[in-house]
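Let me begin by presenting the structure, written as structure tokens, before commenting on it.
The values are calculated or read from the model by the stated rules, or taken from the named source; none is laboratory data. All figures in this text were calculated on a predicted structure; none of them were measured in a lab. Note: ideal-geometry Cβ built from the backbone for every residue, glycine included; neighbour counts use all protein chains shown. To get the accessible areas, we keep the full protein, side chains included, count just its heavy atoms, and leave off ligands, DNA and RNA. Shrake-Rupley method; radii C 1.70, N 1.55, O 1.52, S 1.80 Å.
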Amino acid sequence: MSDIWQRSFNIIFIIFITAVLWMIFGAVKALLFFGVVMLWIAFHHIRYLAALERWLRLSDHSPASIPAGSGAWDDVFAHLARYVRQHSQSQELLSLALERMRSVTSAMPDGIVILDETDRIEWCNPVAEQHLGINLSLDTGQQITYLVRQIPFVEYLAARKYSNPLILNQTRQQGIIVSLQLVPYGYNQKLLISRDITRFEKIETMRRDFIANVSHELRTPLTVISGFLETLSADENVNSGFNKRALVLMSEQTTRMQRLIEDLLILSRLENEQSIVNEKAVEVTSLLRGILQDAESLSAGRHQIKLNIASQDQLLGSEEELRSAFGNLISNAIRYTPDSGEININWEKRDGQGLFFVQDSGIGIEPEHIPRLTERFYRVDSSRSRETGGTGLGLAIVKHVLSRHQARMEITSQVGKGSRFTIWFPAKRLIPENK
Ligand code: ADP
């Protein structure tokens, strides 16, 4: 309020002088005086307005370049100078913070790419440039899929399920293997984090090759040993007393080792092949009937095994791998179900997906073991697994086969009552019967 009075004081004073002049010299001279003074005031304001406009048009808005004013304009320019000073200070702080952030991200061993809501590159650090063959100065604003063109990456980006990283073998930088992880943030923006896992993958390949080679090399000597054991077992002269017991034990252990080697070879084959070889429409009905025969001979009449087929849909996949997965689940059900127990095998179509399950009335599994069952050599009870001819690799094989078929497994179990292993196959893998 006091400001308004201060600013209005000059006008009031001029009006007062005009009124006095009016009384002394008459209206004409007083109005002339008033007009001249008003013109002078208007000229004064127009001059400073023009100075302000000139300043606003300048590219450098430094406080020093702000024009000097008088009267009310002195205050206006002083406020403006203070505002500009504060603004440039906060801008300096912001650029410092940005610079710090850039040097931190540049020093990081992982690559970072900032993508906008339309998946265009906003910024990336030098490591990402190296991993993905990006040139920041040329590629800013470019679609990321234009530079990382591999189909798995395009699908990964489109699927919007970023919980797991994607491993890319071939990037624009030859010879490096990177793991890519997308992290959504803000409004539909994404961080793409890349990590060089070439060394790790090489060690992993060496490990896989080593297991495959050792297993393969052990196969032949074991076949020879088991052949001789068979011959010796049939020989009446050798087959007596201690020798007989020793031969039985040796044969059992050789068979166990052969099973183990077979399972190890299956696992390394599954791990080494990126995708399914020989994918075809598999007749689930005949596949399950075949497995049922093997199951019945394994059970030797000790269990009641029922097969329920409610869908004639075929399944797109590898017959050999599916036989191995279904067979493992069914043989587990037999091995972990006491005599006269019940085993139900089921194949149906539910909610458009393929549903397979094996339910048994066996010993069941305690809940704390369930999440770890698909780990290699994880057994709830090792002696029982060995007694029943288990290798500890069955469910690891099942897990690999399912992931190659984009299927998922659910395990439910109650100790003493039984277990149920359910597999869901995606709708895209089902081939309707009349097709
Ligand atoms: P194994 O050769 O020992 O059976 P698997 O990988 O097939 O190896 O299974 C891992 C473990 O899971 C088994 O050792 C067993 O403890 C448990 N398991 C698997 N299937 C069943 C089942 N149907 N009922 C109870 N336990 C099971």
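At a glance:
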read-out	value
Residue 408 long-range amide H proximity, modeled H, under 5 Å	424
Rounded, prolate or oblate (a/c below 1.5 giving rounded, otherwise prolate when a/b exceeds b/c) for the range 172-229 by Cα gyration tensor	prolate
Heavy-atom accessible surface of the range 1-123: percent carbon and sulfur, 1.4 Å	69 percent
Proximal aspartates and glutamates relative to residue 417, as straight alpha-carbon distance under 14 Å, when same-chain residues fewer than 8 apart are discounted	339, 342, 360, 366
Pair-distance profile P(r), taking every C-alpha pair of the chain, with 10 angstrom steps and integer %	4, 13, 16, 15, 12, 8, 6, 6, 6, 5, 4, 3, 1, 1, 0, 0
Straight-distance crosslink candidates among aspartates and glutamates, where the alpha carbon sits under 18 Å from residue 202 and sequence neighbours closer than 8 are dropped	271, 273
Rounded tilt (10° steps) of 27-57 against the dominant C-alpha axis of the chain	30 degrees
The chain, dipole about Cα centre (Lys/Arg Cβ +1, Asp/Glu Cβ -1), debye to the nearest 20	880 debye
Anchor residue 280: lysines whose Cα lies under 29 Å away (excluding residues fewer than 8 positions away in-chain)	161, 306, 349, 399, 428, 435
Cβ-defined net charge surrounding residue 230, 15 Å radius [Lys, Arg +1; Asp, Glu -1]	-2
Extension gain, residue 60 back to residue 33 (0.36 nm per residue minus Cα-Cα distance, nm)	5.5 nm
Gyration tensor verdict on the range 108-196 (Cα atoms; rounded if a/c is under 1.5, prolate if a/b is larger than b/c, oblate otherwise)	rounded
Whole-angstrom gap from the range 311-388 to the range 191-256, using each part's C-alpha centre	25 Å
Percent accessible area from carbon and sulfur atoms, the range 280-431, protein chains only, probe 1.4 Å	46 percent
Residue 178 long-range amide H proximity, modeled H, under 5 Å	168, 197
Cα centre as origin, Lys/Arg/Asp/Glu Cβ charges: the range 280-431 dipole, Debye	280 debye
Placed amide H near residue 124: partners under 5 Å, 5+ positions off or other chain	114
The chain: calculated mean residue ellipticity at 222 nm from DSSP helix runs of at least 4, using -39500 (n - 2.57)	-18000 deg cm²/dmol
Positive-end residue, the chain charge dipole about Cα centroid, Cβ charges, pick of 412, 297, 45	45
Charge dipole (the chain, unit charges on Cβ, about Cα centre) - positive-most of 267, 16, 94	16
Cα-based helix-to-principal-axis angle, 198-234 vs the chain, degrees rounded to 10	10 degrees
Shape category assigned to the range 220-359 from the gyration tensor of Cα positions, a/c cut at 1.5	oblate
Two-site FRET efficiency, residue 88 against residue 155, from Cβ-Cβ distance with R₀ of 45 Å, rounded to 0.05	0.40
Apportionment of accessible area to carbon and sulfur, the range 200-271, percent (1.4 Å)	64 percent
Whole-number accessible area per residue in Å² for the chain, which is evaluated in the context of all protein chains at 1.4 Å	61 Å²
